[in-house]
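Asks: There's a structure below that I have some questions on.
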Amino acid sequence: MVLSDRIRQQLGHILGTEFRFERLSSAKWNKGEADEAAPGGRSRHIDGRYYFLLQKDGGFVQAVSVVEPMLTPSEKQLVDLMLEAYRQQEKRPGAAVHSEDERKATLLRGWIDTQIEQGHADAELPDTLTTGFPLHAAQIPLLVYGDYSDQRKATYQDLKKLLETFFDGPIMLVPLLDKEWLVLGPESLLQEGGEGEEETTEDMLSSLGHALHEMLATEWVGECHIAVDYPIVPAKSLLGAVIKLREAMTLGRTYHVSDNIHTPWRLQLEKLLHGIGEEQKQLFLERVLKRIDLLKDTEMMTTLEQFIALDCSVSDTAKKLFIHRNTLLYRLDKFKQETGLDVRTFHHALLVHIALLLYKVTKRA
C-alpha cells in the first residue's frame, strides 16, 4: 500500500508535524524496538524516528515515519487507527477510497475510544483534532443505533449523504461501535419553529429525534433508535456527550422497549433505579404490589401505564384506550382491591410507576 501525498500531508496538517513515507529492508525493521502499546506490533522506534507499518513487501517494509518526540502516545494511537482503516478498506473488493471527512471521523472515534478505555469522562478534544474540524460552534448531538442485519450494513458515505439531505446542510458524522453513529447537527434547527408556537427546547429536540427516526426508518436500512440531548460545543464536551447519549440509549431500550427516541431529561428516574441491585428490585416489587402476577395481565399493565403517563386523567386515559370511563374505573378499583394501591392518588401512583419500571427489568415469577 502506498500512502499518497495527500494523506501524508493530511496527517501532517492535523497533527502539526511532518510525516515521511519510507521503504525499509526487513532486516532494518526487525532491528528496531517494537512499541508494545501499538496494535499487532506494527510500530517501531528506529534511529530517533517513530515508524508506522503500512505493509510488508517481500524483503521490504513500507512505513510512514515521524520524528520520535513530535507525537504523544495518544496521537500515535490515532495514527495507528487511521492507518488500520486504510488497511481494512483495501481488503474489501471494489471498495472506494475513504473520503477525507471519513478519515477525520476515524481519528475522532479513536480518540473517544481511547479516553473511555482510560476511564475519562470530561476530557476536552486536543488542538490536534480540532484543527480543520467544525467543532467550536454549538451543535446538537444525536446517537443513532441501527437495528439492521450484517447483510444490510450501512456505509459512511451513504448515511452522511442522507443525513445532509435531511438537515439541509453539512453535518458531522462519526462511526462509533458497530451499528452506532454519532451525528452533530446545526443548533440553528432549534430556532426554526413556526410563528406563535411555544415549544420548549426539549419539545423541539424530541420532535427532531422523531422526524429523523421516521426518515431513517423509511430511507435507510430499516428500524433504528435515536438518543438526543441539548446542544454542546464539541471541542469542549464531545466525550461527555457520547457517554451521556449512550447511557440514555441503554436506559431507554431497557425500560421503554416500545420507544425509539431516548432523551436524558426523561430518564432521570430510570437512571436512579438502574443502579439498584436485582435483589432489592425484587423485594420492592413484592412489598409494594404484593401480587406481582397482576402485571402479567397485559390489559391491566397497559391500563396502569397509560393512566400514569397521562397524569392520572380518567377522561384522557379512557379516550386513549378507546374504552368507557366506567370500564377504566372498574379496572382501577380492581387493582386497588388486589393490592391496596389507589393509583388515583399521587403517592400510590408514584409507587406503582416505580414498580412498573422495575418489573420490566426483573425476572418474571
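The values are calculated or read from the model by the stated rules, or taken from the named source; none is laboratory data. From a predicted model like this one, the values you see are computed outputs, not experimental measurements. Cβ placement follows ideal geometry from the backbone for every residue including glycine, while neighbour counts extend to all protein chains displayed. Only protein heavy atoms, including side chains, enter the accessible area calculation; ligands, DNA and RNA are left aside. Shrake-Rupley method; radii C 1.70, N 1.55, O 1.52, S 1.80 Å.
Asks: Can you give the Rg/Rh ratio of segment 236-361, where Rg is from the C-alpha atoms and Rh is the Kirkwood radius?
Replies: Over the Cα atoms of segment 236-361, Rg/Rh equals 1.02.
Asks: Determine the sum of side-chain charges near Asp122: Lys and Arg each +1, Asp and Glu each -1, restricted to other residues whose C-beta is under 13 angstrom from that of Asp122. Walk me through the numbers on the way to the answer.
Replies: Values: positive: Lys236, Lys244; negative: Glu124.
Its environment carries a net charge of +1.
Asks: How high is the relative contact order of segment 303-361, given as a whole-number percent (alpha carbon pairs under 8 Å, six or more residues apart)?
Replies: 27 percent
Asks: Sort His347, His262 from largest to smallest accessible area, using a 1.4 Å probe on the heavy atoms of the protein chains.
Replies: Sorted descending by solvent-accessible area, the residues read His347, His262.
Asks: Return P(r) of segment 161-290 (all Cα-Cα pairs; 5 Å bins starting at 0; whole %; ordered from short to long distances).
Replies: 2, 9, 16, 21, 19, 13, 8, 5, 4, 3, 1, 0
Asks: Here's something else I'd like to know. Rank Ala154, Ala309, Ala138 by mean-square fluctuation in a GNM of the chain with C-alpha springs under 10 angstrom and give only the top-ranked residue.
Replies: The residue with the greatest mean-square fluctuation here is Ala309.
Asks: Could you sort Ser25, Ser65 by their accessible area in this structure, using a 1.4 Å probe and putting the largest first?
Replies: Ser25, Ser65
Asks: log₁₀ I(q)/I(0) of the chain at q = 0.12 Å⁻¹, via Debye over equal Cα point scatterers, no solvent, to two decimals?
Replies: Results for the chain at q = 0.12 Å⁻¹ read -0.98.
Asks: Per DSSP H run of n ≥ 4, the term is -39500 (n - 2.57); total these for the chain, divide by its residue number, and report the mean residue ellipticity at 222 nm rounded to 500 deg cm²/dmol.
Replies: -15500 deg cm²/dmol, from helical runs alone.
Asks: Only Cα pairs within less than 10 Å get springs; with that Gaussian network setup on the chain, which residue of Leu162, Leu351, Leu239 has the largest fluctuation?
Replies: It is Leu351.
Asks: Using a 7 Å offset from the Cα along the Cα-to-Cβ direction at both Asp168 and Arg23, what is the distance between the two label points in nm, to one decimal?
Replies: Reported label-point gap for Asp168 and Arg23 is 5.3 nm.
Asks: Do you know the relative contact order of segment 263-365, to the nearest whole percent, from alpha carbon pairs under 8 angstrom that are 6+ apart?
Replies: Worked out over segment 263-365, it gives 31 percent.
Asks: Another question about this same structure. Would you tally the net charge around Tyr330, using a Cβ to Cβ cut-off of less than 15 Å, leaving Tyr330 out, and scoring K and R as +1, D and E as -1?
Replies: Its environment carries a net charge of 0.
Asks: Let me ask you something else. How many times 2.2 N^0.38 Å is the alpha carbon radius of gyration of segment 191-257?
Replies: Ratio of Cα Rg to 2.2 N^0.38 Å: 1.28.
Asks: Would you kindly compute the Cα radius of gyration of segment 288-335 and its largest Cα-Cα separation (Dmax), both in Å?
Replies: Using the Cα atoms of segment 288-335, the pair Rg, Dmax is 10.5, 30 Å.
Asks: How far apart, in nm, are two points set 7 Å out from the Cα along the Cα-to-Cβ line at His347 and at Glu124?
Replies: About 5.0 nm separates the two model spin labels.
Asks: Between Ser188 and Lys319, what is 0.36 nm times their sequence separation minus the Cα-Cα distance? Round to one decimal in nm. Present the calculation step by step, with values, prior to reporting the outcome.
Replies: Numbers: separation 131, 0.36 × 131 = 47.16 nm, distance 3.70 nm.
Fully extending the segment from Ser188 to Lys319 adds 43.5 nm.
Asks: Taking the chain as a Gaussian network, Cα atoms linked when under 10 Å apart, which of Thr114, Thr201, Thr317 shows the biggest mean-square fluctuation?
Replies: With Cα springs under 10 Å in the chain, the top fluctuation among Thr114, Thr201, Thr317 is at Thr317.
Asks: Within the chain, which is the longest segment that contains none of the GluC sites (Glu not before Pro) sitting in a DSSP loop with at most 11 other Cβ atoms within 10 Å?
Replies: That gives 199-365 as the longest site-free run.
Asks: Run the simple label-point estimate for Lys271 and Leu310 please: 7 Å along Cα→C-beta, distance reported in nm.
Replies: Taking the two extended label points, one gets 3.0 nm.
Asks: Express the relative contact order of segment 192-311 as a whole percentage, based on alpha carbon pairs under 8 Å and six or more residues apart in sequence.
Replies: 18 percent
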